[in-house]
Amino acid sequence: EDRTFAVSYDKTRYNLTFGEENIHWIKYNNKGRTFQYLYTDICGIRFHKRLANTVVIPCAPLSGSKRVLKNLYFTAESRQVCEEMQLALFSRLHGRPYRSLNIIPRRNMLVIVNPFGGPGNARSIWKKKVAPVFEAALIQPEYMETEYAGHAIEIGENFEYEGYEAVCTVSGDGIINEFINGFMGRNDWREIVANLTLGIIPGGSGNGLAGSIKTPHVISAVHCIIKGNTRPLDIFSLVQSGFRRFGFLGVAWTIFSVIDFKSENLRWMGGFRFEVQGVFETLGSEVYRGRISILRENNDQVLDVRNEDFEEEEEYGPGPKLLYQEETNEWEVLDGCYTHSRILTM
């Protein structure tokens, strides 16, 4: 049933109601404009850290193609009323009645932040934009920062996945790629793939993965994670110099990889570094000699690791068996000089 509370908002007295589909508030004398937010836009509720008897309700409504953060501050007559407001809101958000704050489920999440990625503001993104909203959503993060290249691989190799509902990175594409390569090298990689959810909050230069799943902005990604909006993620594997790697965006060669490597000293520019370095490389017009062999897709070889039983790879370590064939007449061979070459799986 609807719950209504007497509150103050922006120094004005209102009646705040937790309705069936939204929260709405109107002046205590029931005159004037009614304000409202849908539950689909509301992320949670928490106590204000400094103001007494005040709760914060972070909302993330759509503004064009992205979500923006709007914090609502409501002051009640006592802390007990604030707790009742928390119960009312979480009962609506979770679709079940709660009679005590202690029985509302908390969500454990491993958060990996790369403070060196892109322009170097991932730590600030976490502290100012992500952590307060996660707190309101009752997400209990275990916070870790990467300290050197390859650190996320080690985390993926050693973390205990049973303790987490999800693993979330605040980074560009590199950290989550390292993490995937870490756990895909474990003998229990099947259980991890079947039971663990990955999330990414853009905090790097390119942020290709976040962009490809339509959460290229921080608040859009935070809202998606809190609401539990998930989708399958295709990954590929490749063998280079006898070593197997996994990835999720693509494989670059020629000018794309050169731009990536040579723009490392321009990380302070964020994603714009690729455009700047790209201009220099394009003007240079360097070509690369190579041979590309292509085998057209065979739908019988597409694996869903969640639902299918399949052979393990033996030669190159754990993971699904490589679906590789020696070159035959079915392969298309492109032999020549190239300036742009990229294989994408998005």
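Identify, please: which residue in segment 226-246 is closer than 22 Å to LYS66 by Cβ and open to solvent by 30 Å² or more (accessible area, probe 1.4 Å) and is, among those, modelled with the lowest pLDDT?
Taking the candidates together, the pick is LEU233.
Residue by residue, here is whether (1) out of contact with any Phe, Trp or Tyr (no Cβ under 7 Å at 6 or more places or on another chain); (2) open to solvent by less than 40 Å² (accessible area, probe 1.4 Å); (3) at pLDDT 95 or above holds:
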| site | (1), (2), (3) |
| --- | --- |
| PHE134 | yes, yes, yes |
| LEU138 | yes, yes, yes |
| MET144 | yes, no, yes |
| GLY156 | no, yes, yes |
| GLU162 | yes, no, no |
| VAL170 | no, yes, yes |
| PHE179 | yes, yes, yes |
| MET184 | no, yes, no |
| GLY199 | yes, yes, yes |
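Please specify each residue of segment 70-109 satisfying the condition of being closer than 24 Å to GLY228 by Cα, in a helix (DSSP H, G or I) and open to solvent by 60 Å² or more (accessible area, probe 1.4 Å).
If the condition is that a residue be closer than 24 Å to GLY228 by Cα, in a helix (DSSP H, G or I) and open to solvent by 60 Å² or more (accessible area, probe 1.4 Å), then ARG92, HIS94, ASN102, ILE103 are the ones that fit.
Looking at (1) open to solvent by 20 Å² or more (accessible area, probe 1.4 Å); (2) more than 22 Å from GLY117 (Cα to Cα), which is the only condition LEU249 fails?
Among (1) open to solvent by 20 Å² or more (accessible area, probe 1.4 Å); (2) more than 22 Å from GLY117 (Cα to Cα), the lone unmet condition for LEU249 is (2).
Given GLY174, GLY120, which one is at pLDDT below 95, within 27 Å of LEU249 (Cα to Cα) and not in a loop (DSSP other than H, G, I, E, B)?
GLY174
Of all the strands (runs of 3 or more DSSP E) wholly in segment 190-303, which have at least 3 residues that are within 29 Å of VAL333 (Cα to Cα)?
Numbers: elements: 197-202, 236-240, 243-247, 250-254, 288-294.
Those strands (runs of 3 or more DSSP E) span 236-240, 243-247, 250-254, 288-294.
Can you tell me which residue is farthest from the chain's Cα centre (by Cα) among those in segment 48-65 that are in a strand (DSSP E or B) and surrounded by fewer than 17 Cβ atoms within 10 Å (Cβ to Cβ)? Step through it out loud before you land on a result.
In the first step, residues of segment 48-65 are kept if they are in a strand (DSSP E or B); the result is 54-59, 62-63.
So of that shortlist, the ones also surrounded by fewer than 17 Cβ atoms within 10 Å (Cβ to Cβ) come out as 62-63.
Details: LEU62: 18, SER63: 20 Å.
Selected residue: SER63.
Cβ contacts < 6 Å: first residue surrounded by 13 or more Cβ atoms within 10 Å (Cβ to Cβ), restricted to segment 23-38; second residue not in a strand (DSSP E or B), any location; separation 6+ or different chain. Result?
Going by the 6 Å Cβ cut-off, the qualifying pairs are HIS24/THR34; ILE26/THR34.
When you scan segment 126-137, do you find a residue that is part of a helix (DSSP H, G or I), charged (D, E, K, R), touching a residue at least 60 places away in the same chain (Cβ under 8 Å) and out of contact with any Cys (no Cβ under 7 Å at 6 or more places or on another chain), even just one? First the steps, then the outcome.
Start the filter on segment 126-137 by keeping residues that are part of a helix (DSSP H, G or I), which leaves 126-136.
In the following step, the residues that additionally are charged (D, E, K, R) were identified as 127-129, 135.
Next, from what is left, pick out any that are touching a residue at least 60 places away in the same chain (Cβ under 8 Å): 129, 135.
Applying the additional criterion that residues be out of contact with any Cys (no Cβ under 7 Å at 6 or more places or on another chain) yields 129, 135.
Yes, segment 126-137 has at least one match.
The values are calculated or read from the model by the stated rules, or taken from the named source; none is laboratory data. All values reported here derive from a predicted model rather than from experimental measurement. FYI the Cβ positions are ideal-geometry reconstructions off the backbone, even for glycines, and counts take in every protein chain you see. These accessible areas exclude ligands, DNA and RNA; they are computed on the full protein's heavy atoms, side chains included. Shrake-Rupley method; radii C 1.70, N 1.55, O 1.52, S 1.80 Å.
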